[in-house]
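Contents: one structure, followed by commentary.
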Amino acid sequence: MHRPKIVLLGMLTKMPVGGVLWQVAQYVLGFERLGYDVYYVEAHARTPSMFVGPADDGADAAAAFLAQFMGRLGLGDRWALHALHADGRVLGCSAATLARLYREAAMIVNLHGGTLPLPEHVATGRLVLLSTDPVQLELELDAGRTSSIEFVDAHSAHFSWALNYGNPDCRLPWVRSYRPVPTLPPVLLDQWANDDDPRDAPFTTIGNWRQAWRELTFRGERYTWSKHHEFLKVLDLPARVPAPLELALASYSNEDRATLESAGWLVRDALEVADGLDGYRRYVTASRGEFTVAKDQNVRFRSGWFSERSAAYLAAGRPVIMQDTGFGAALPTGEGLLPYTEVDDAAAAIIDVVADEKRHRRAATAIARDHLCSDVVLGTMLAHVGLPSRPIRRAAGFPPASPPDDLDLRPLSRRPLVLAPATEALVTGRPIPTVPVAGGAPVASLIMVVRDHLAVTRLAVESVLAGTDGPYELLLVDNGSAEATATYLGAVAARHRHVRVVRNDDNLGFAPAVNQGLALARADVLVVLNNDVIVTAGWLAGLVARLGDPGVGLVGPVTNRCGNAAEVPAEYATYGELRAFAAGRAGTPFDLAVATLFCTALRRDVLEAVGLLDERFELGLFEDDDLSRRVRETGYRVVCDPAVFVHHFGEATLGQLAADGRYGPLFDANRTRYEAKWGQPWTPHERPADPAYAALRARARTAVVAAVPPGARVAVVSHGDDVLLELPGRRGWHFPGTEPYGDASAYAGHHPADDADALTRLAAARAAGAEYLALPAPSAWWLDFYPALARYLAAGLVADAPDTVTVYRLGELP
């Protein structure tokens with residue numbers, strides 16, 4: 001059978017040194033082992049300076065070198081040198097063969113980004129950028145450099161060794177048009193396996209000492225490229241550690257060597273000890289481990305860059321101590337791989353490795369096996385561009401998509417929603433995970449509308465990544481979020497081919513944004529999610545199974561907070577307790593009046609029958625009442641599945657409107673629109689059946705009756721619960737209620753926007769005859785949220801039944 005083809009565009013003849021030879025070899029042989037025929041091509045137009053003779057352009061000598069090297073890799077004649085630096089000849093294969101190869105290739109990989117795309121590359125739509133040296137390109141894109149934008153746009157997908165790009169601590173500006181997938185340098189484990197005993201060997205590294213070019217300036221700061229700047233920061237390290245340190249260097253002077261040796265470093269010539277595949281491998285495996293620095297650009301920008309050389313040391317079972325660039329976003333650190341920032345940290349790391357070398361060597365080997373192995377790295381790359389492979393295994397995302405089990409989920413306030421500072425810091429500060437997803441057509445399209453609130457958005461998105469099985473797509477509709485949230489959404493989409501972002505510059509409102517996502521959805525099952533949920537294991541499969549009943553039109557889960565019969569008592573406080581609470585739930589689906597759209601699934605045929613969400617409801621509210629009613633009137637059931645539990649913080653976006661006074665007017669306006677559309681009054685959602693709440697409610701009514709005289713009029717903070725108004729011999733009114741206040745007043749449908757609104761509404765109730773205010777325990781937070789109201793009420797305290805209700809007599813209002 002014919003195997004699919006991959007073209008690797010490289011530049012070996014410009015840099016024919018051991019490290020680059022191994023880099024090319026591990027990509028070539030790695031893709032070969034995954035079932036592809038690899039063709040190596042040079043079409044970079046750079047002069048192969050090391051092969052140029054006194055009377056030629058070096059093309060023939062460079063081609064002879066490639067023929068020998070590719071022969072060793074087993075490629076035979078599967079290579080070409082397109083001598084664009086000279087007369088444009090094609091050496092190796094013919095020009096016609098090369099043109100046909102480009103057309104037939106399943107993927108063309110532009111290694112290093114070292115090849116300026118040719119029209120024949122771009123025309124395929126399968127040219128993939130693999131950037132191995134980040135920073136410069138990202139800064140050029142951020143500055144709007146036309147040539148760089150055109151270069152990136154020529155590629156259909158982007159991969160980068162910038163493992164930390166897009167994460168909170170990365171200082172590189174996020175460029176929305178550039179969506180690189182972080183990828184590690186691959187290693188062939190069998191090529192580095194060895195039984196050498198390196199206990200008396202030095203820690204080593206290989207590289208250039210001085211490279212006086214590619215310096216950059218960004219926002220007034222200069223960032224260097226040459227590594228000698230960073231080595232000089234740890235110049236006195238040999239005197240601090242109980243092991244020799246050796247540098248195999250190129251591009252250094254005798255003066256440089258004297259400086260290093262006077263400080264205790266061993267110095268060797270890199271081209272003498274690490275030239276070619278075999279010399280390079282011998283030098284690595286003969287080492288005790290690697291001690292190295294990184295370029296200033298990668299260190300200060302925290303790009304996450306990680307070296308193919310360090311990957312080789314790890315694969316050889318040699319611990320790596322490397323200046324920290326942020327690579328811990330993708331690799332485990334602490335054992336086998338130790339990042340450092342200052343010379344004291346570097347010394348401590350070396351001392352730790354020497355104290356227990358076997359432990360660190362085992363850890364180094366495990367990191368290479370689990371994260372850097374070529375079939376893991378390249379299999380993931382192929383999967384991201386939709387190509388088949390035969391991966392032996394797949395590395396788990398690092399860090400895990402799920403937060404730690406002890407993460408506190410209890411909000412400090414709800415309007416606006418505020419999480420505990422420690423929760424907020426942990427969620428927003430951790431690296432963005434990368435989670436593989438099953439290939440194939442999506443069984444469900446998930447539409448999540450986002451409007452800022454980065455912490456809860458991350459919890460929602462990453463819970464979907466962690467807790468959703470099977471092929472699916474996640475459509476994130478960004479309703480004008482600020483830069484931090486917009487950057488996160490772009491970065492998480494770049495890392496996951498099944499995640500897409502739709503960016504709106506302004507807040508279009510909930511219904512229009514959901515409709516945008518529905519218009520782009522590809523699956524037959526459609527799920528609307530809020531950005532303040534945490535889904536749990538098996539959630540999607542459970543909802544999809546219920547939609548297998550053709551009579552069901554909408555289905556949602558049970559939750560901790562939604563204000564209708566889908567709400568169940570939930571006492572968990574942490575993420576781990578939430579997972580335990582949600583596991584193993586069961587029950588028979590039951591009908592609902594309204595499936596609230598924090599998490600609701602429907603089939604495409606139902607959507608086609610009832611239509612999109614009604615966009616007349618502005619920013620939000622009542623579109624779920626309206627949709628549920630249309631679904632029922634079309635003949636479908638609206639149901640809740642008690643076997644599926646999804647956590648809901650509640651009102652992450654609309655709660656902010658309550659905090660600044662816009663919620664009440666929006667609620668009133670949309671209720672009016674709803675009632676005009678359907679020609680009848682809106683009724684509050686049915687309350688959940690909760691025995692504990694029912695008992696509290698009974699105690700509260702008894703306490704109110706005991707506290708106020710017969711015939712008294714009592715305003716009750718009821719949240720729409722009519723039973724709380726059943727006060728024998730007294731008259732209970734909803735508070736806040738619709739005006740005019742009185743026996744016919746209904747629940748307003750929302751809490752006061754602020755202190756001023758609360759006092760104004762209370763004055764209206766008092767003017768209509770209300771004499772008392774009853775504040776049941778579930779609304780005790782009012783006393784914190786409305787401090788001016790609390791001060792006014794304190795003077796009229798009549799009764800305080802602990803954990804039940806507080807009753808106040810209404811006096812003159814300020």
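The values are calculated or read from the model by the stated rules, or taken from the named source; none is laboratory data. What you see is a predicted model; the values in this text were computed from it and never measured. Note that we place each Cβ from the backbone using ideal geometry, even for glycine, and neighbour counts take in every protein chain shown. Side chains included, ligands, DNA and RNA excluded: accessible areas come from the protein's heavy atoms. Shrake-Rupley method; radii C 1.70, N 1.55, O 1.52, S 1.80 Å.
When you look at residue 645, is it open to solvent by less than 10 Å² (accessible area, probe 1.4 Å), touching a Phe, Trp or Tyr at 6+ places or on another chain (Cβ under 8 Å), modelled with pLDDT under 95 and on the phi < 0 side of the Ramachandran plot, yes or no? Break it down into steps so the answer makes sense when it comes.
On the way: open to solvent by less than 10 Å² (accessible area, probe 1.4 Å): yes; touching a Phe, Trp or Tyr at 6+ places or on another chain (Cβ under 8 Å): yes; modelled with pLDDT under 95: no; on the phi < 0 side of the Ramachandran plot: yes.
No, not satisfied.
Any idea which of 452, 405 is in contact with a Gly (Cβ under 9 Å, 6 or more places away or on another chain), touching a residue at least 12 places away in the same chain (Cβ under 8 Å) and at positive phi? The match here is 452. Just to be sure before I move on: is residue 124 touching a Lys or Arg at 6+ places or on another chain (Cβ under 8 Å) and surrounded by fewer than 21 Cβ atoms within 10 Å (Cβ to Cβ) in the structure I sent? Considered against the rule, which asks whether it is touching a Lys or Arg at 6+ places or on another chain (Cβ under 8 Å) and surrounded by fewer than 21 Cβ atoms within 10 Å (Cβ to Cβ), residue 124 comes out as yes. The number of residues in region 21-57 that are farther than 19 Å from residue 128 by Cβ, assigned to a helix (DSSP H, G or I), aliphatic (A, V, I, L, M) and free of Cβ contacts under 8 Å to residues at least 60 places away in the same chain comes to 1.
Among the residues of region 432-454 satisfying the criterion of being in a loop (DSSP other than H, G, I, E, B) and hydrophobic (A, V, I, L, M, F, W, C), which is farthest from residue 380 (Cα to Cα)? My answer is 443. One residue stands out in region 58-98 among those that are part of a loop (DSSP other than H, G, I, E, B) and of a type in the set (Lys, Arg): the one that is surrounded by the fewest Cβ atoms within 10 Å (Cβ to Cβ), namely 89.
Taking the residues in region 349-384 that are part of a helix (DSSP H, G or I) and free of Cβ contacts under 8 Å to residues at least 12 places away in the same chain as candidates, determine which candidate is nearest to residue 437 (Cα to Cα). If we take residues in region 349-384 being part of a helix (DSSP H, G or I) and free of Cβ contacts under 8 Å to residues at least 12 places away in the same chain, then 358 is nearest to residue 437 (Cα to Cα). Taken over region 175-208, the criterion of being over 30 Å from residue 152 (Cβ atoms), of a type in the set (A, V, I, L, M) and open to solvent by less than 70 Å² (accessible area, probe 1.4 Å) is satisfied by 189, 201, 206.
Looking at region 154-252, the strands (runs of 3 or more DSSP E) lying wholly inside it that each contain 3 or more residues that are over 34 Å from the mean Cα position of the chain (by Cα) sit at 203-208, 245-250. Taking region 256-272 as the range and being free of Cβ contacts under 8 Å to residues at least 40 places away in the same chain, surrounded by 16 or more Cβ atoms within 10 Å (Cβ to Cβ) and assigned to a helix (DSSP H, G or I) as the test, the residues that pass are 257, 259, 260.
Considering only residues of region 403-413 that are open to solvent by less than 40 Å² (accessible area, probe 1.4 Å) and at pLDDT 90 or above, which is nearest to residue 648 (Cα to Cα)? Per the criteria, the residue is 409. Between 243, 250, the distinction of being in contact (Cβ under 8 Å) with a residue 12 or more places away in the chain, small (Gly, Ala, Ser), crowded, with 18+ Cβ neighbours inside 10 Å and in contact with a helix residue (DSSP H, G or I) (Cβ under 6 Å, 6 or more places away or on another chain) belongs to 243 only.
Look through 801, 774 and report the one residue that is more than 21 Å from residue 754 (Cβ to Cβ) and open to solvent by 20 Å² or more (accessible area, probe 1.4 Å).
None of the other options fit; the residue is 801.
Of all the numbered requirements in (1) under 16 Å from the mean Cα position of the chain (by Cα); (2) surrounded by fewer than 21 Cβ atoms within 10 Å (Cβ to Cβ), residue 434 misses one, and that requirement is (2). Among the residues of region 62-76, the ones that are polar (S, T, N, Q) and either in contact (Cβ under 8 Å) with a residue 60 or more places away in the chain or touching a helix residue (DSSP H, G or I) at 6+ places or on another chain (Cβ under 6 Å) (or both) come to 0 in all. Quick check on region 416-430. Is at least one of its residues open to solvent by less than 10 Å² (accessible area, probe 1.4 Å) and in a helix (DSSP H, G or I)? Among the residues of region 416-430, at least one is open to solvent by less than 10 Å² (accessible area, probe 1.4 Å) and in a helix (DSSP H, G or I), which makes the answer yes. Checked against the criterion of being surrounded by 21 or more Cβ atoms within 10 Å (Cβ to Cβ), touching a residue at least 12 places away in the same chain (Cβ under 8 Å), more than 20 Å from residue 671 (Cβ to Cβ) and among the small types (Gly, Ala, Ser), region 572-593 has at least one qualifying residue. Out of curiosity, is residue 300 closer than 30 Å to residue 217 by Cα, open to solvent by less than 30 Å² (accessible area, probe 1.4 Å), charged (D, E, K, R) and assigned to a helix (DSSP H, G or I)? No: the conditions fail for residue 300. With respect to being more than 24 Å from residue 131 (Cα to Cα), small (Gly, Ala, Ser), open to solvent by 40 Å² or more (accessible area, probe 1.4 Å) and out of contact with any Leu (no Cβ under 6 Å at 6 or more places or on another chain), residue 355 fits the description.
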